[in-house]
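A short worksheet on the structure shown next.
The numbers here are math on the coordinates, done by the rules we state, and not lab data. In this text, all values refer to a predicted model and were calculated from it rather than measured experimentally. Please note: Cβ atoms are built from the backbone with ideal geometry, for glycine as well, and neighbour counts cover all protein chains shown.
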Amino acid sequence: MSIKESRTDVLIVGAGPVGLSLAIMLAQMKHLFACIYDLNLGRKRFFRQLGVLEAITQKGRTANIGFGAFYQGEHLYDVSLPLSNSSCPYYVGLEQSETELILTARLKELGVEIEKGIVLESFVFKKDQQVAESALVSSVEDKEKERISFIYVVGCDGGHSLTRNLAGISFSGENVNIGLTLCDVVVKTNLKKIPSGKFNDLRA
Ligand SMILES: Cc1cc2nc3c(=O)[nH]c(=O)nc-3n(C[C@H](O)[C@H](O)[C@H](O)COP(=O)(O)OP(=O)(O)OC[C@H]3O[C@@H](n4cnc5c(N)ncnc54)[C@H](O)[C@@H]3O)c2cc1C
């Protein structure tokens, strides 16, 4: 079976929030000759740079004083938000799936389509060197293979990153032995009371 060949400057593996954000930055940068990014950018300033802050704020739930956590009717803790020095002095809560939809729409606006259903399988290394020059990918649907040559490859493929493993980069840290279930749900509650503690003073 013949393998399709293509090439790109930057191959982004993974279209989660990190991969989508990088794709937007690169799509925007084609209009710039030089670009310096502040590594300490807050998330909201970062979203503003990507051109999605308004959409994220509109879709998400915002709080400008703080928020509280409850479990089975019991008040667990409060988090206050003393963000007066921030240029975006509020908190936004939004499901990852919604964040991804907004980032995907912004990318489309910039003329970039994501290739969904394509899985990275391995890298092809330059002869006698440890430098990867292309990636072998395959389509989930029809198993068709493609070889994509690149100048840079960026692993945005999450916690179990194959890109990182293939590049031989270790993942430091330790395992946390707790189970988590991630789901998007509508929660019905009869909670009536305003979070206690600091917020009462601020008439939240
Ligand atoms: C329990 C829990 C709840 C959370 N709730 C929220 C929330 O409500 N809102 C929020 O904003 N954040 C939430 N987060 C944080 C959020 O999940 C992470 O910050 C985010 O997923 C990190 O994004 P990422 O792009 O690095 O990785 P990921 O989101 O993991 O994206 C990786 C992408 O790479 C793709 N991929 C993997 N392997 C390959 C391969 N071989 N080839 C091609 N593609 C591949 C995957 O399909 C995936 O799309 C939560 C995290 C946890 C653990």
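What to note about this one:
- If R0 equals 22 Å, the separation of the Cβ atoms of MET25 and LYS126 corresponds to a calculated FRET efficiency of about 0.20.
- For LYS4, net neighbour charge (Lys/Arg +1, Asp/Glu -1) across residues whose Cβ lies under 15 Å away: -3
- Using a Förster distance of 45 Å, the FRET efficiency for VAL112-ARG61 (Cβ separation, nearest 0.05): 0.95
- Contact order, relative form, for region 46-183: 13 percent (alpha carbon pairs under 8 Å, 6 or more residues apart, mean separation divided by residue count).
- Cα gyration tensor, region 103-190 - rounded (a/c under 1.5), prolate or oblate: oblate
- Computed label-point distance, nm, for sites ARG7 and LYS143 using a 7 Å Cα→Cβ extension: 3.0
- For the listed peptides 174-187, 9-22, 48-61, 110-123, a ranking on the average number of other beta carbons within 10 Å per residue, highest first, reads 9-22, 48-61, 110-123, 174-187.
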